[in-house]
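Structure, as structure tokens:
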Amino acid sequence: MSTRQRVQRIREEIKRAAAEIIRNMKDPRIGFVSVTDVEVSNDLSHVKIFVSVLGDDEAKARTLEGLQAATGFVRTEIGRAVRMRHTPEIVFRLDSSLERGARINQLLAEISSSSDDETAQGAEDPE
């Protein structure tokens, strides 16, 4: 197995384990969280866990604070679940790509709606 394939396999295992661990955490600061992506360094020493959080900016900040406070716990649990010799350092990052995608869809819908309105108005005006 190549190094790239190994890193990819471990990345998927860490993503699955992190989602399960976070889902079972009891910290009241942590809201509804989805693990959207995981980046693993080639030497497996660092992991970025990207999360999407349901709620307003305050809820997102509280959730990120709770996750960062639990980094040691999450790291230990990932080490157990993935059975790594050396558990990587973990950093949590908010993933706003879903929100950006929703905003883009909203803008496209508005553009489409306004162009449909203009087309309808043009069809009504037989100059």
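As a rough footprinting exposure proxy, the listed residues 86, 46 were ranked by other beta carbons within 10 Å of their own, and the order from fewest upward is 86, 46.
What fraction of the DSSP beta bridges in the chain is antiparallel, stated in percent and rounded to the nearest 5? Antiparallel bridges make up about 55 percent of those DSSP assigns within the chain. In the chain, inverting the average of 1/r over every pair of distinct C-alpha atoms gives 17.0 Å as the Kirkwood radius. Counting other Cβ atoms within 10 Å as a rough exposure proxy, the listed residues 58, 13 run 58, 13 from fewest neighbours to most.
The 3J(HN,Hα) values that the Karplus relation (6.51, -1.76, 1.60; θ = phi - 60°) gives for segment 41-53 are, in residue order, 5, 4, 8, 6, 8, 9, 9, 9, 10, 8, 10, 10, 10 Hz. Gly and Pro appear as x. For the chain, which longest stretch is free of loop sites, where a loop site is one of the trypsin sites (Lys or Arg not before Pro) that DSSP puts outside H, G, I, E and B and that has at most 16 other Cβ atoms within 10 Å? Between exposed loop sites, the widest span is 30-82. Would you compute the Debye intensity of segment 60-108 from its alpha-carbon atoms alone, equal scatterers and no solvent, and pass along log10 I(q)/I(0) at q = 0.14, 0.15, 0.17, 0.24 Å⁻¹ to two decimals? Normalising to I(0) and taking log10 leaves -0.52, -0.57, -0.65, -0.86.
Bear in mind these aren't lab numbers, they're just calculated from the coordinates by the rules spelled out. If you're wondering where the values come from, they're calculated on a predicted model, not measured in any experiment. Reconstructed Cβ throughout: ideal geometry from the backbone, glycine too, with neighbour counts over all protein chains shown.
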